[in-house]
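Everything on this sheet refers to the single structure shown next.
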Amino acid sequence: MESSAIIIGILVVMNLIGYISMWSDKRRAITGKYRISEKTLFSIALLGGSLGSILGMNQFRHKTKHWYFKYGMPLILIIQVILLGCIIKFWQQI
């Protein structure tokens, strides 16, 4: 399997995990159950799930009032897109 297909697959899975994590934590908040830690939510975003986390935040109106989520998640996404662009440019030169 080509390395780019593996990377795309990992990103798809991580974004699904980010989206589902936001949904799950919102459900847990509503029902008063044990919550997913903010550290875990940010870790998922840092590991490639930032877009899914942002979409989940907005879809479920979860963590949108916390400035560090409101601005932190998009910042992570911007940095990841820039890094991905640099990696693609580097691979094209090889």
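When you go through Ser21, Ser50 one by one, which is the residue that is of a type in the set (Ser, Thr, Tyr), under 30 Å from Gln92 (Cα atoms) and assigned to a helix (DSSP H, G or I)?
Just one listed residue meets the conditions, Ser50.
Here's the yes/no breakdown for (1) in contact with a helix residue (DSSP H, G or I) (Cβ under 9 Å, 6 or more places away or on another chain); (2) farther than 14 Å from Met14 by Cβ; (3) not aromatic (Phe, Trp, Tyr):
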residue	(1), (2), (3)
Lys39	no, yes, yes
Gln59	yes, yes, yes
Lys63	yes, yes, yes
Leu84	yes, no, yes
Gln93	no, yes, yes
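Give the stretch 39-55 a look and list any residue that's open to solvent by less than 80 Å² (accessible area, probe 1.4 Å) and either touching a Lys or Arg at 6+ places or on another chain (Cβ under 8 Å) or among the aliphatic types (A, V, I, L, M) (or both), or say none.
Answer for the stretch 39-55, where residues must be open to solvent by less than 80 Å² (accessible area, probe 1.4 Å) and either touching a Lys or Arg at 6+ places or on another chain (Cβ under 8 Å) or among the aliphatic types (A, V, I, L, M) (or both): Leu41, Ile44, Ala45, Ile54.
Need the failing condition index for Ala5 against (1) assigned to a helix (DSSP H, G or I); (2) at pLDDT 95 or above; (3) not polar (S, T, N, Q), just the number.
Checking Ala5 against (1) assigned to a helix (DSSP H, G or I); (2) at pLDDT 95 or above; (3) not polar (S, T, N, Q), the one that fails is (2).
With the requirement that a residue be part of a helix (DSSP H, G or I) and either free of Cβ contacts under 8 Å to residues at least 24 places away in the same chain or among the hydroxyl-bearing types (Ser, Thr, Tyr) (or both), what does the stretch 24-36 give you?
Within the stretch 24-36, Ser24, Arg27, Arg28, Ile30, Thr31 meet the criteria.
Hey, any hits in the stretch 23-32 for a residue that's of a type in the set (Ser, Thr, Tyr) and either more than 15 Å from the chain's Cα centre (by Cα) or at positive phi (or both)?
So far as the stretch 23-32 goes, yes, one or more of its residues are of a type in the set (Ser, Thr, Tyr) and either more than 15 Å from the chain's Cα centre (by Cα) or at positive phi (or both).
The values are calculated or read from the model by the stated rules, or taken from the named source; none is laboratory data. All of these numbers come straight from a predicted model, not from anything done at the bench. For neighbour counting, all protein chains shown are included, and Cβ atoms are generated from backbone atoms with ideal geometry for every residue, glycine included. These area figures cover heavy atoms from the full protein model, side chains too; ligands, DNA and RNA do not enter into them. Shrake-Rupley method; radii C 1.70, N 1.55, O 1.52, S 1.80 Å.
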